[in-house]
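Beneath this line is the structure, given in structure tokens, with notes to follow.
The values are calculated or read from the model by the stated rules, or taken from the named source; none is laboratory data. None of the values given here were measured: they were computed from a predicted structure. No Cβ is skipped: glycine too gets one built from the backbone with ideal geometry, and neighbour counts run over all protein chains shown.
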Amino acid sequence: MVIAVGGWLAYGGADALPGFATLAKTPTTDSLSAAFSICDDSHRTNCVVDGDTFWFDGEKIRIADIDTPELSPPRCEAERIKGEAAKSRLLTLLNSGKFSLAAGFRNEDKYGRQLRTVSRAANSLGNVMIKEGLARSWDGARHGWCGGQ
């Protein structure tokens, strides 16, 4: 049974379980920090791309446990507004003190971004954004943020 589950996980089975990848490897101390800004074409070191993607020490990180409104391109004005608010909030959260990055069962997504849960004091920053209405729990599929999508 253990071999079967291990094989299932190794070949992408964890993608079928929402939030499952965030259960692995929880760090015990917050030791990471940087001065984050908003990314631009020339700046890709410690910066925020959008509400669920940022660069840290030259690595592109996709927050594994959330999904936020798209900004490139947004599908409607409401999505753009909420996406900008999510990006701004992530910038504030990352600049608010030391944090931890935890890898799940998948190390990176199909775009080469590192998949990580971002935490401070053992609390997911993604959960903070969900509670504030700026993100949704990541369930493996993109959902629209424009009424009816």
Checking W145 against (1) modelled with pLDDT under 95; (2) out of contact with any Asp or Glu (no Cβ under 9 Å at 6 or more places or on another chain), which single condition isn't satisfied? (2)
Select, from E108, E132, the only residue that is closer than 21 Å to C39 by Cα and acidic (D, E). E108
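Table: residues versus (1) at pLDDT 95 or above; (2) in contact with a strand residue (DSSP E or B) (Cβ under 6 Å, 6 or more places away or on another chain); (3) of a type outside the set (A, V, I, L, M, F, W, C).
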position: R62; (1), (2), (3): yes, yes, yes
position: S88; (1), (2), (3): yes, no, yes
position: D109; (1), (2), (3): no, yes, yes
position: R116; (1), (2), (3): yes, yes, yes
position: S137; (1), (2), (3): no, no, yes
Restricting segment 113-133 to residues that are small (G, A, S) and over 18 Å from E59 (Cα atoms), the one nearest to the chain's Cα centre (by Cα) turns out to be G126
